[in-house]
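Novice: Structure provided below as structure tokens; questions to follow.
Please treat every number below as a calculation from the coordinates, not as lab data. From a predicted model like this one, the values you see are computed outputs, not experimental measurements. Cβ placement follows ideal geometry from the backbone for every residue including glycine, while neighbour counts extend to all protein chains displayed.
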């Protein structure tokens, strides 16, 4: 694997892992006020395998292969996506148990998933701009692992159990981990097309 420092050599079937920066929209076409994927990835013919909201950061996979895109993005393949959420308030054990039963978001109930306390790694980059802190209200970090990935699902889940998300970072997709890949915001690396499933049962 080679971190992008120009144009890396590519395999016949392309699969790229990008650390999508905060504020970047998940499309290649230009935007009037925001950066797009084209500002970071200069290679033609690849497109996102799934989406990541502009106000979310972290691991985004891109490919030029439609079947691979579907295998990564479609929930029926049950590929786990891991998110670190910095939430408002001190999360208690009762709140962490609720995702395991499914969370009622009004228009649908989420599939059972896992939520755990997490201590941010030293390798977690500083967000630009930083979140807005309120001195009287503490924050907590949790890791949420889901297979669905519906629109703003993690944010809606944490809000529904009483802990609004202030910062959201996708740190893993399948067996790929953004810290193991060593990617800083805006950097990408080519990975083998079977990489998301390596090491999985």
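Novice: Find how much the distance from residue 92 to residue 28 grows on full extension, using 0.36 nm per residue of separation minus their present alpha carbon separation; answer in nm with one decimal.
Specialist: Contour length minus Cα-Cα distance gives 19.0 nm.
Novice: To the nearest 0.05, how large is the calculated FRET efficiency for residue 184 and residue 136 if R₀ is 41 Å and r is the Cβ-Cβ distance?
Specialist: So the FRET efficiency works out to roughly 0.80.
Novice: Set the Förster distance to 22 Å, then compute FRET efficiency between residue 70 and residue 150 from the Cβ-Cβ distance, nearest 0.05.
Specialist: 0.85
Novice: May I ask you to order 191-197, 100-106, 47-53 by the average number of other C-beta atoms within 10 Å around their residues, highest value first?
Specialist: 47-53, 191-197, 100-106
Novice: Ranked from highest to lowest mean number of other Cβ atoms within 10 Å per residue, what is the order of the peptides 108-116, 163-171?
Specialist: 163-171, 108-116
Novice: While we're looking at this one, here's another question. Based on the Cβ-Cβ distance from residue 123 to residue 175, what FRET efficiency comes out when R0 is 22 Å, to the nearest 0.05?
Specialist: According to the calculation, E is roughly 0.75.
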